[in-house]
Each structure stands twice: as C-alpha cells, then as structure tokens.
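Participant: Before I ask anything, here is the structure I am working with.
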Amino acid sequence: MKIGTLLTTLSAAAVLASATSAQAQDIKMGVIAGMSGPGTSYGIGIRQGAEMAVKEINAAGGVKGRKISLVVVDDASNPAQSVTAMQRLSSEGVDLIVGGWGSSQVLANMEVAERAGIPYIVVGATNPKITTEKNKWTFRVIFTDAVQAEQIADAAVKRLGMKRIAIIHDANDYGVGNRDVFVENLKKLGVDPVSVVSYQSADKDFTAQLSRIREANPDGVAVFGTIPAAPAIMNQARDLGIKARFIGTGGLANENLMTLAPKASEGTVFTTYFHEDVDPEAKAWAERYVKEFSGGSQPPRPVLAAWEYRAIKFIAVPCLEAAGTDKEKLRQCFSGWKGKIFSVPGEAHFDKTGQLIQQSVLVEVRGGAFQAFKGQ
C-alpha cells in the first residue's frame with residue numbers, strides 16, 4: 001500500500017473512531033440537592049432516587065446505547081452555596097439537571113441554569129415563583145404551594161371541621177409562600193387564623209411562638225416548615241399542653257417526622273408528593289427502593305426519592321431518546337411532555353409555565369406510618 005493511501009486510510013479510521021466515541025459518550029446528568037445542612041434527609045432521598053433510576057437505565061443498555069453519568073453536587077441546603085453548585089454543574093457541561101430541594105435554593109440556582117440554557121427539572125421546591133412564563137429552561141414536577149396550601153385549607157375546614165386555626169411557619173420562601181396561600185384560602189372559606197407566628201430555619205427553641213399559639217386556643221395548627229424544625233415544633237407544642245391537630249404541606253412529607261416526633265406527629269394530615277398505596281406499580285417501586293437502600297447511614301425515605309426517580313425514568317429518558325442531548329430540542333420535548341406516572345392519578349402534563357399538572361395526594365400519620373387520608 002502506498003504511503004499516501006495508508007495515511008488517508010488511517011485518517012478516515014481516526015475520524016470514524018472519533019465519531020463512534022462521540023456517539024457513545026456518556027450523557028451527563030446533573031443532580032443538585034442539599035446532602036448536608038438542614039435539608040440532608042431530603043437531599044439524600046433525591047440522590048438515592050437518581051442512583052436507582054440511572055442504575056436501572058444503564059443496566060438495560062442506557063439511552064440508545066449511551067450510558068448516563070451522574071454528576072451529584074451538594075449545595076448544603078444553602079441558597080448562596082446552591083448558586084455555586086449550579087455554576088459548577090454548568091462549567092462541567094452537564095446535558096440536563098434533575099434535582100433541586102428547597103424553594104430558597106432553587107429560586108437562587110435556577111437563574112444560573114436559565115442563563116446557561118440547561119434544561120432543569122425541579123423535584124423538591126414548591127414556591128409558585130419557580131415556574132412562570134418568563135422561565136424558559138426550568139420545569140417542576142411536584143405541586144406548588146398554591147395547590148398544596150389551598151388543598152390543606154379546604155381539608156382543614158371542610159373535612160376536619162377546624163374553626164380556630166393557628167399558623168407557625170418558617171420565615172424562608174417555602175414557609176412564607178405556604179402561609180400566604182393558606183391564609184387567603186382560609187378567608188375564602190370564612191375563617192381567619194387565630195394566630196400567625198414565624199421562626200428561622202435553624203431555630204431549635206419555639207417556646208415563645210408556641211406560647212402565643214397556646215393562648216389562642218386553636219383546634220388546628222398549620223406547620224409550614226421542614227425537618228428538623230417541624231418535629232421539634234410538634235414535640236414542644238405537646239409539652240406545652242397544645243392538643244390541636246397538626247396539618248401542613250409537602251415539607252412534612254419526610255419519614256423523619258415520625259422518627260423525631262413519634263407521638264406528637266400522630267394524626268397529622270398533610271399534602272404529599274407520593275404515596276405507595278395509589279397504585280400497584282407505586283407499591284412495587286417502594287418495596288424495591290426500601291430493599292435497595294436499607295442498611296445505610298440513613299433509613300430510605302421514598303417520598304422525594306420517588307419524584308427524582310420518576311422524573312428521570314418517565315420524563316427525562318423518553319425525551320433524551322427522542323431529542324438526544326441537544327438542549328433546545330430537549331427543552332421543547334419537556335414542554336410538550338404528557339404521560340402516565342405511577343402514583344399520579346390520571347395523565348400528567350406540563351403547562352405553559354413549566355409546572356406539571358397532576359392530581360394531588362392527601363395523607364395522615366397513623367400508627368407511625370403515612371397512610372392515605374380517608375377523611376372524617
């Protein structure tokens with residue numbers, strides 16, 4: 001073979017090898033959540049859901065032969081650090097991001113994703129401002145505060161018969177967003193809250209706020225906060241002699257609520273993002289999840305793990321198969337997505353703001369477990 005012909009052949013082989021390598025390149029999926037700080041128990045669930053989904057996808061051959069590689073970043077449940085974490089994902093060239101916990105963190109970090117043009121599916125933040133028509137790249141799969149707080153207000157008055165409702169809420173974006181929608185909907189139902197008090201996320205002593213609530217003599221106490229503050233509030237309320245029933249929204253949807261307040265949390269009614277009793281597929285998934293992550297440093301918590309898992313398996317992967325990793329095509333695919341997801345009654349779809357429209361779930365803490373709420 002002549003030297004020129006050999007060089008041409010080698011050059012063509014190199015190009016082909018390079019193209020084959022590029023085609024087989026891993027899909028880089030970013031996961032951002034608080035795996036330290038006050039959101040640790042939520043963030044670990046998000047990470048586990050992602051790991052479980054990706055493990056199954058890759059074992060089945062990946063996405064058209066391409067494996068998914070997870071890039072997991074801890075934002076320490078802190079808004080400023082969350083911006084830095086998102087900047088890191090952007091600089092590492094991830095193809096999309098599925099994750100995000102905490103309204104304050106997501107409201108801060110989503111601006112980075114929007115500017116960089118990275119499709120971002122949010123699984124753990126509920127403030128209504130996260131999904132608006134001005135946001136092009138941000139999508140959210142869980143209910144907003146507007147949906148959850150409205151539903152729990154309706155349940156409190158119509159199904160639980162509450163007439164004197166007090167509110168204690170975190171002063172962050174999550175707590176304030178819930179408070180505002182809840183109060184608005186209570187007033188529509190002819191009820192004014194008897195007491196409204198706030199606290200800071202890192203607080204541990206709630207005696208002053210709860211003493212004011214006790215003086216108001218409520219028959220219901222709405223707790224708009226997350227772990228670890230929420231169970232501490234419940235324990236301290238019972239210690240002060242407050243017998244009112246607790247209600248709330250998705251921030252209470254964490255199995256640690258029962259671990260940290262086993263007696264005080266009994267009877268609590270709240271909205272949630274997942275319950276295994278909705279359908280057989282949800283139950284089967286929950287059993288697999290618990291089996292896979294039992295024995296770790298933290299007990300498995302299906303609620304947010306379920307949404308991370310479902311967002312990847314039912315939304316991200318079908319769109320990756322249809323659109324590849326072209327970010328604009330991927331964004332368009334998310335915008336037009338509709339389909340069935342286990343534990344979500346009926347068909348779900350994204351609206352024009354990027355919010356997933358779906359039927360909600362109401363649960364009760366009963367016998368030390370989350371049970372589907374049957375009503376009074």
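Participant: Give me the pairs, please: first residue somewhere in region 347-360 and under 16 Å from HIS275 (Cα atoms), second residue anywhere and assigned to a loop (DSSP other than H, G, I, E, B) and among the aromatic types (Phe, Trp, Tyr), beta-carbon distance under 6 Å, and either six or more positions apart or on two chains.
Facilitator: Filtered contacts from region 347-360: SER360/PHE143.
Participant: Any idea which of VAL269, VAL363 is modelled with pLDDT under 95 and either outside the structural domain of GLU51 (by TED's automatic domain parsing) or among the β-branched types (Val, Ile, Thr) (or both)? Step through it out loud before you land on a result.
Facilitator: Working: VAL269 fails: modelled with pLDDT under 95.
VAL363 is the lone residue from the list that is modelled with pLDDT under 95 and either outside the structural domain of GLU51 (by TED's automatic domain parsing) or among the β-branched types (Val, Ile, Thr) (or both).
Participant: Would you check if MET35 is buried (at least 22 other Cβ atoms within 10 Å of the Cβ) and at pLDDT below 95?
Facilitator: Answer is yes for this residue.
Participant: Looking at region 143-188, which of its residues are within 18 Å of VAL269 (Cβ to Cβ), surrounded by fewer than 24 Cβ atoms within 10 Å (Cβ to Cβ) and of a type in the set (Gly, Ala, Ser)?
Facilitator: Hits for region 143-188 are ALA155, GLY161.
Participant: A further question on this structure: Can we say ILE242 is outside the structural domain of VAL123 (by TED's automatic domain parsing), buried (at least 19 other Cβ atoms within 10 Å of the Cβ), under 11 Å from ILE168 (Cβ atoms) and touching a Leu at 6+ places or on another chain (Cβ under 8 Å)?
Facilitator: Values: outside the structural domain of VAL123 (by TED's automatic domain parsing): yes; buried (at least 19 other Cβ atoms within 10 Å of the Cβ): yes; under 11 Å from ILE168 (Cβ atoms): yes; touching a Leu at 6+ places or on another chain (Cβ under 8 Å): yes.
It is true that ILE242 is outside the structural domain of VAL123 (by TED's automatic domain parsing), buried (at least 19 other Cβ atoms within 10 Å of the Cβ), under 11 Å from ILE168 (Cβ atoms) and touching a Leu at 6+ places or on another chain (Cβ under 8 Å).
Participant: Checking THR84 against (1) modelled with pLDDT under 95; (2) assigned by TED's automatic domain parsing to the domain that holds LEU107, only one condition comes out false. Which one?
Facilitator: The failed condition is (1).
Participant: Scan region 208-220 and tell me whether some residue there is surrounded by fewer than 19 Cβ atoms within 10 Å (Cβ to Cβ), polar (S, T, N, Q) and at positive phi.
Facilitator: So far as region 208-220 goes, yes, one or more of its residues are surrounded by fewer than 19 Cβ atoms within 10 Å (Cβ to Cβ), polar (S, T, N, Q) and at positive phi.
Participant: Then there is this: What single numbered condition from (1) more than 17 Å from GLU51 (Cβ to Cβ); (2) in contact with a helix residue (DSSP H, G or I) (Cβ under 6 Å, 6 or more places away or on another chain); (3) basic (Lys, Arg) fails to hold for LYS338?
Facilitator: (2)
The values are calculated or read from the model by the stated rules, or taken from the named source; none is laboratory data. On a predicted model such as this, the values are computed, not experimentally measured, just so you know. Glycine gets a Cβ as well: all are built from the backbone with ideal geometry, and neighbour counts include every protein chain shown.
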